[in-house]
Amino acid sequence: AQSVTQLGSHVSVSEGALVLLRCNYSSSVPPYLFWYVQYPNQGLQLLLKYTTGATLVKGINGFEAEFKKSETSFHLTKPSAHMSDAAEYFCAVSKNFGNEKLTFGTGTRLTIIP
Amino acid sequence: GAGVSQSPRYKVAKRGQDVALRCDPISGHVSLFWYQQALGQGPEFLTYFQNEAQLDKSGLPSDRFFAERPEGSVSTLKIQRTQQEDSAVYLCASSLAGTSGGAPYNEQFFGPGTRLTVL
């Protein structure tokens, strides 16, 4: 079975400050890892994904995440927060083949302080 | 191009009523997923279709939940005798390819969801 733990249901950062959203996973097979963003009343949008290869992956809107197998982590970062980054962020995992169902964490609501 | 669409966007039902939620995937997408997102939670998998075949329904919470995709395109999630605990946002996602072993990863594109409120 696979699972995802997101530490911190709410995170607040000042505009221009570093954003760090934490995600740890559990998987019995090499995982595919994802970060999704959800704006109010909208569907989920893929920010970035890790499948194989380079462990540091870059996504849209200046976000990046690093897959650390030894720590079973896939934390999301952005060097400088923008007001438009305020949203709910979900980390997700799926099995390492084909196109599989996603197992999501409980989400982290990011608030940007002007 | 058009993304995944869902209708209705909002649905209010009295306890005990039946509801039907519709998902229009991206044209040509083979795979279709349904997820349930309770308030303050992450989405949870309900069921999966590859074309018209329902390959995985392990996430359906009870036999009151039923999904179909008869022509391999539009899908309907039906909930019979709705209960208050069914209140949630129901998300649909589609992707281009199926789950054949060795198939490359294909992104799941999500619709905006249907917010169901059961009174």
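The values are calculated or read from the model by the stated rules, or taken from the named source; none is laboratory data. These numbers were taken from a predicted model, which means no experiment stands behind them. No Cβ is skipped: glycine too gets one built from the backbone with ideal geometry, and neighbour counts run over all protein chains shown.
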query = strands (runs of 3 or more DSSP E) wholly in region B:1-53 with at least 3 residues that are closer than 18 Å to A:GLU100 by Cβ - which ones?
reply = B:31-37, B:44-50
note = Within region A:38-56, residues more than 11 Å from every other protein chain (Cβ to nearest Cβ) and buried (at least 20 other Cβ atoms within 10 Å of the Cβ) come out as A:LEU47
task = Test A:SER12 against the criterion of being assigned to a loop (DSSP other than H, G, I, E, B) and farther than 29 Å from B:CYS23 by Cβ, and give yes or no.
result = no
task = Taking the residues in region B:22-43 that are surrounded by fewer than 18 Cβ atoms within 10 Å (Cβ to Cβ) and under 18 Å from B:ALA88 (Cβ atoms) as candidates, determine which candidate is nearest to the other protein chains (Cβ to nearest Cβ).
result = B:GLN41
note = Of (1) part of a strand (DSSP E or B); (2) surrounded by fewer than 19 Cβ atoms within 10 Å (Cβ to Cβ); (3) away from chain A (no Cβ under 11 Å), B:PRO70 satisfies every one except (1)
ask   = Counting only residues that are in contact with an Asp or Glu (Cβ under 7 Å, 6 or more places away or on another chain) and at pLDDT below 95, which one in region B:83-118 is surrounded by the fewest Cβ atoms within 10 Å (Cβ to Cβ)?
value = B:THR99
request  = State whether one or more residues within region B:109-117 are in contact with a helix residue (DSSP H, G or I) (Cβ under 8 Å, 6 or more places away or on another chain) and in a strand (DSSP E or B).
outcome  = yes
ask   = Just wondering, is there one or more residues in region A:59-82 that are free of Cβ contacts under 8 Å to residues at least 60 places away in the same chain, closer than 18 Å to B:PHE109 by Cα and either surrounded by 18 or more Cβ atoms within 10 Å (Cβ to Cβ) or within 14 Å of chain B (Cβ to nearest Cβ) (or both)?
value = yes
request  = With respect to A:PHE90, determine if the residue is touching a residue at least 24 places away in the same chain (Cβ under 8 Å), part of a strand (DSSP E or B), more than 26 Å from B:LYS57 (Cβ to Cβ) and of a type in the set (A, V, I, L, M, F, W, C).
outcome  = no
inquiry  = With the structure loaded, tell me whether A:GLY107 is farther than 30 Å from B:ALA88 by Cα and either small (Gly, Ala, Ser) or buried (at least 19 other Cβ atoms within 10 Å of the Cβ) (or both) or whether it fails that test.
reply    = no
